[in-house]
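Visitor: Can you keep this structure in mind? I'll have questions shortly.
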């Protein structure tokens with residue numbers, strides 16, 4: 001069943017207002033305050049909607065309130081039952097230090113259609129839709145994935161671009177990409193936006209790979225689905241607490257590799273509003289006593305993948 005297109009404007013409002021709530025914290029080295037402002041705004045706006053919503057991807061557990069916690073019920077009621085994935089501020093450091101790429105992000109789906117991801121790391125790849133599905137796989141070596149991408153695009157290795165988080169844990173991947181003379185786009189934070197780089201030629205990214213947040217993986221998969229790109233992920237459970245939490249959430253196979261259609265089912269609406277300007281969208285701007293925002297919006301069933309600009313009065 002498809003989500004009503006009328007919901008799109010409501011969800012844009014949720015992320016736009018959350019982004020605007022961070023405006024006065026940009027460059028103030030107050031990342032916790034920015035995160036709280038965006039969270040409070042997001043909760044307030046969702047609670048105005050005539051829906052029964054449950055947070056399945058949030059900012060931790062009930063004990064971490066006032067964050068939007070996993071299992072939190074939102075909305076004013078109605079016949080529409082939703083799963084919600086949220087990241088009120090992706091890139092709190094970007095906001096605190098006035099760096100590019102901070103976003104306010106949400107994804108919604110009908111009840112039961114968003115994977116309930118634990119707060120743990122995920123090994124993931126995302127690949128452009130121009131590359132055949134079978135050409136890449138999380139279980140292939142870096143060399144095999146890159147070679148198959150190069151062959152399918154008729155490119156040399158030096159013309160392939162891989163995007164990944166610049167982390168010590170990725171040293172082996174980075175060394176292998178260097179050895180193959182592959183171009184790299186190394187990002188400091190924000191692996192939702194990193195994964196979305198494969199969705200459009202203008203970003204010049206052929207593959208996103210490496211270890212990042214599991215919740216961010218589900219959020220990225222939601223948007224990538226609308227672009228018909230490929231996403232795979234495998235959660236990393238490397239301590240007793242994470243293993244116990246996974247089992248509590250109903251995850252039986254801890255080593256399972258998830259394809260996109262196992263993470264996202266049915267229709268989705270995804271919105272990412274810029275807080276600070278980055279590759280995907282421009283940040284919040286004050287113009288003639290109005291806040292101007294840009295939001296990347298996808299709606300799977302109506303094939304909407306576009307950037308929406310709007311103005312909100314102060």
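The values are calculated or read from the model by the stated rules, or taken from the named source; none is laboratory data. Predicted model, so just to flag it, every value in this text is computed and none were measured. FYI the Cβ positions are ideal-geometry reconstructions off the backbone, even for glycines, and counts take in every protein chain you see.
Visitor: Being touching a residue at least 40 places away in the same chain (Cβ under 8 Å) and part of a loop (DSSP other than H, G, I, E, B) is the filter here, so list the residues in segment 239-253 that pass it.
Guide: If the condition is that a residue be touching a residue at least 40 places away in the same chain (Cβ under 8 Å) and part of a loop (DSSP other than H, G, I, E, B), then 249, 250, 251 are the ones that fit.
Visitor: Could you look through segment 277-312, keep only residues that are in a loop (DSSP other than H, G, I, E, B) and out of contact with any strand residue (DSSP E or B) (no Cβ under 8 Å at 6 or more places or on another chain), and pick out the one that is surrounded by the most Cβ atoms within 10 Å (Cβ to Cβ)?
Guide: At the first step, the residues of segment 277-312 found to be in a loop (DSSP other than H, G, I, E, B) are 277-284, 288-289, 303.
Filter again for out of contact with any strand residue (DSSP E or B) (no Cβ under 8 Å at 6 or more places or on another chain), leaving 277, 279, 288, 303.
Values: 277: 16, 279: 20, 288: 7, 303: 11.
Within segment 277-312, the match that is surrounded by the most Cβ atoms within 10 Å (Cβ to Cβ) is 279.
Visitor: For segment 134-148, how many residues are touching a helix residue (DSSP H, G or I) at 6+ places or on another chain (Cβ under 6 Å) and surrounded by fewer than 18 Cβ atoms within 10 Å (Cβ to Cβ)?
Guide: Selection size over segment 134-148: 0.
Visitor: Within segment 202-224, identify whether any single residue is in a helix (DSSP H, G or I), more than 21 Å from residue 257 (Cα to Cα) and touching a residue at least 24 places away in the same chain (Cβ under 8 Å), and answer yes or no.
Guide: For segment 202-224, residues in a helix (DSSP H, G or I), more than 21 Å from residue 257 (Cα to Cα) and touching a residue at least 24 places away in the same chain (Cβ under 8 Å): present.
Visitor: For residue 172, all conditions in the list (1) in contact with a strand residue (DSSP E or B) (Cβ under 7 Å, 6 or more places away or on another chain); (2) over 22 Å from residue 193 (Cα atoms) hold save one; what is the number of the exception?
Guide: Status for residue 172: all satisfied but (1).
Visitor: If a residue has to be under 15 Å from residue 18 (Cα atoms) and buried (at least 23 other Cβ atoms within 10 Å of the Cβ) to count, how many in segment 62-83 make the cut?
Guide: 1
Visitor: Inspect segment 193-200 for any residue being touching a strand residue (DSSP E or B) at 6+ places or on another chain (Cβ under 6 Å), buried (at least 17 other Cβ atoms within 10 Å of the Cβ) and in a strand (DSSP E or B) and give the result as yes or no.
Guide: no
Visitor: Moving on to the next point. Return the only residue of 128, 141, 152 being touching a strand residue (DSSP E or B) at 6+ places or on another chain (Cβ under 8 Å) and not assigned by TED's automatic domain parsing to the domain that holds residue 21.
Guide: When all the criteria are applied, what remains is 128.
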